[in-house]
Amino acid sequence: MRVFSNLIGACTLGALALPTTASPTRRASKPAYVTHPDRVDAVKAAFQRSWDGYYKHAFPHDSLKPISNTFSDDRNGWGASAVDALSTAIVMGNAGAVAQILDHVQHIDFNVAVGDISLFETTIRYLGGLVSGYDLLMTPEALSPDLKPLYSNRTLLDALGHQAENLAKNLMVAFDTPSGIPDNTLRFSPPRRNGSTTNSIATIGTLVLEWTRLSDITGNPQYGAKAQKGESYLLDPQPRALAEPFPGLVGTNLNITNGQFLDGTGGWVGGDDSFYEYLIKMYIYDPVKFAGYKDRWVLAVESSMAHLASHPASRPDLTFLAMFSGTTPLFISQHLACFDAGNIILGGLVLNKQQYVDFGLELAASCHDTYTSTVTGIGPETFSWQDNGTLLAINSSRNGAAPANQSAFFQKAGFWIVDGQYILRPEVIESFYYAYRATGDTKYQDWAWDAFLAINKTCAAGSGYSAINNVMATGGGSFQDFQESFWFAEVLKYSFLIQADDAVYQVQADNSGDFVYNTECHPVRAKAKVGKYMY
Ligand SMILES: *[C@@H]1O[C@H](CO)[C@@H](O)[C@H](O)[C@H]1NC(C)=O
Ligand SMILES: *[C@@H]1O[C@H](CO)[C@@H](O)[C@H](O)[C@H]1NC(C)=O
Ligand SMILES: *[C@@H]1O[C@H](CO)[C@@H](O)[C@H](O)[C@H]1NC(C)=O
Ligand SMILES: *[C@@H]1O[C@H](CO)[C@@H](O)[C@H](O)[C@H]1NC(C)=O
Ligand SMILES: *[C@@H]1O[C@H](CO)[C@@H](O)[C@H](O)[C@H]1NC(C)=O
Ligand SMILES: *[C@@H]1O[C@H](CO)[C@@H](O)[C@H](O)[C@H]1NC(C)=O
Ligand SMILES: *[C@@H]1O[C@H](CO)[C@@H](O)[C@H](O)[C@H]1NC(C)=O
């Protein structure tokens, strides 16, 4: 997650809407789903190809460089790709990879780290991966026949649980700040803060699901309590007039000494994104304890529909969410932000609000266009557009025309490209997944399949898959020789799940599912539905 804009705008505070009090509802019916065995097999084959390349050339390091057949320890050297691949290997029923990963987990030494540690990245990839592996292995219906013997195996569960706790204990020092807002950057041996003075809402607000789940698995309440304390500053943003330009929509950076916001610039983009995502996911996790989180999510979505929904001048049929600096909209967005469609659909299902589902489907269709409009059939990292006059007058200072050399492209596509790289990100396919689970409309399976085929064709490189530099050049322009661990956790899992059989870990349109996905696509069991799985 990244912040690409550091504008701090003056702003005025709109009147706060009253929070809604909807309780979790079960919808009467859910759609029929279709399985595509041929597509499932193709995605599994892509997983195997990547896994084999990683295992041969990079394991037990973090990431494969598939062209040079070397590795990178970009995530502190604990085998990020292996841990991130665990829940995907389990749902795919890949017994060989699962055995290799579970063996690796027992040998990770979380007391030593290569490089500076990101609390956020470590939480979503490692803690999320370990806790999800634990929850899946505790769920017999989640396991394929050859994984069934692993069900409830105390040795394996203890290894996952102990390692998650070993890691969390070392990370706890992050919360030793005057406010309790964590410092995102740490060093180990011994664990200590690196001395940051600020942190962003995404990196503060995307811990609470993993840390709360760890508390519920271990029976030690302090993990969840620390993450919830940091989150409390995001739920009650101060100083209001600066921090909350629209009800529920807040700035990006906070002072970790006094807990005050430092700006009123934000959106559903990197640096902010998964803060909003987790508000509704915590409500799914425990609708009683986290009802207040849901109220904040509802405010943010209502404000986004009212103040950020933007239609490109050349393609008013599309809808993108603008960023904001104070109350001024900024017509720029990212591949990362395309998760917003799926998250708003999910909240619509959970709260039984069809208008949220419909709005999310509109956003998903527009993110689809960022794929179909390019040469490779893959969407860009960052894009921009001119609003059709709904939010700002055409040609006004913040709403200018496309650059001359992309004017023709903008006329046709409805956006222009600011950064054309693609680094194996999942968010567009992720939103197709939620759109499909909500509607059962097979067009979303087809969109996900087309996206998978485009990525599989363009990014296959050497012993795995690589980030590319230009979605507007045949073949992606050039390769970055880097395979992110989230390729395993997210792109391959969403591509698989949307074509696969219904299962206990799939999202259910009638809100009957037992799992909620962290931002790295690791399914964790929702506490309110745990019962027999807890001890
Ligand atoms: C649990 O898993 C471990 C490691 O795979 C294995 O050695 C052990 O036999 C299993 N225990 C049971 C009770 O199946
Ligand atoms: C950690 O602190 C060092 C020394 O102040 C600094 O150079 C480095 O950029 C910091 N790391 C991060 C990720 O902020
Ligand atoms: C954060 O707040 C403290 C205490 O009020 C202040 O001394 C410090 O300058 C602030 N830091 C930033 C980055 O605003
Ligand atoms: C912008 O597009 C939307 C959606 O097509 C339309 O409803 C609205 O009237 C347009 N606004 C202007 C000012 O043209
Ligand atoms: C906006 O400016 C462009 C030239 O930059 C011009 O072609 C276009 O007609 C203007 N549109 C409006 C609605 O003023
Ligand atoms: C458009 O022009 C800018 C500025 O000269 C250049 O940096 C950019 O690469 C060009 N983009 C395209 C798509 O040709
Ligand atoms: C995916 O890419 C791999 C590697 O190039 C290729 O072997 C495989 O046939 C492709 N799968 C599909 C469905 O096109």
In whole Å, what is the distance between the alpha-carbon centres of segment 382-436 and segment 460-516? 22
Please list, in order along segment 66-71, the HN-Hα scalar couplings obtained from phi with the Karplus expression 6.51 cos²θ - 1.76 cosθ + 1.60 (θ = phi - 60°), rounded to whole Hz, x for Gly and Pro. x, 8, 7, 6, 10, 9
Neighbour net charge for Gly377 - beta-carbon separation under 9 angstrom, K R +1, D E -1: 0
So, relative contact order of the chain in percent, Cα under 8 Å, 6 or more apart, is 20
Summed residue charge, Cβ within 13 Å of Asp317's Cβ, Lys/Arg positive, Asp/Glu negative: 0
In the chain, which helices (entire DSSP H runs) extend 20 Å or more along their own long axis, judged by Cα positions, while averaging at least -1.0 on the Kyte-Doolittle scale? 154-171, 291-307, 354-372, 443-459
Show me, for segment 410-424, the HN-Hα J-couplings you get by feeding each phi into the Karplus relation (A = 6.51, B = -1.76, C = 1.60, θ = phi - 60°), rounded to Hz, glycine and proline as x. 5, 4, 7, 8, x, 8, 10, 9, 9, 9, x, 7, 9, 10, 6
So for each of 341-350, 375-384, 493-502 I average, over its residues, the number of other beta carbons within 10 Å; can you give me the resulting order with the highest mean first? 341-350, 493-502, 375-384
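Taking the Cα centre of segment 411-509 as origin, work out the dipole magnitude from +1 charges on Lys and Arg Cβ and -1 charges on Asp and Glu Cβ, in debye rounded to 20. Provide the component values of the computation, followed by the final result.
On the way: 6 positive and 11 negative charges, 40 e Å.
Charge dipole of segment 411-509: 200 debye, to the nearest 20.
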Which number do you get for Rg(Cα) / (2.2 N^0.38 Å) in the chain? 0.91
Using alpha carbon centers only, segment 232-256 is separated from segment 180-228 by a whole-angstrom value of 19
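Under a Cβ-only charge scheme (Lys and Arg +1, Asp and Glu -1), can you give me the dipole magnitude of the chain about the Cα centre, in debye to the nearest 20? Before the final figure, lay out the partial values.
On the way: 38 positive and 51 negative charges, 109 e Å.
With only Lys, Arg, Asp and Glu charged at Cβ, the dipole is about 520 debye.
Restricting to DSSP H runs of at least four residues, report the calculated mean residue ellipticity at 222 nm for the chain, -39500 (n - 2.57) per run over all residues, nearest 500 deg cm²/dmol. All intermediate terms of the calculation are to be shown ahead of the outcome.
Details: 17 runs with 214 residues, N = 535.
Taken over the chain, the calculation gives -12500 deg cm²/dmol.
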For Leu330, which sequence-distant residues (separation of 5 or more, or a different chain) have an amide H within less than 5 Å of its own amide H, given hydrogens modelled in the peptide plane? Met323, Phe324, Ser325
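All of the numbers you see were taken from the coordinates with simple rules; none came from a lab. Just so you know, these numbers come straight off a predicted model, no measurement behind them. In this analysis, Cβ positions are derived from the backbone assuming ideal geometry, glycine residues included, and neighbour counts consider all displayed protein chains.
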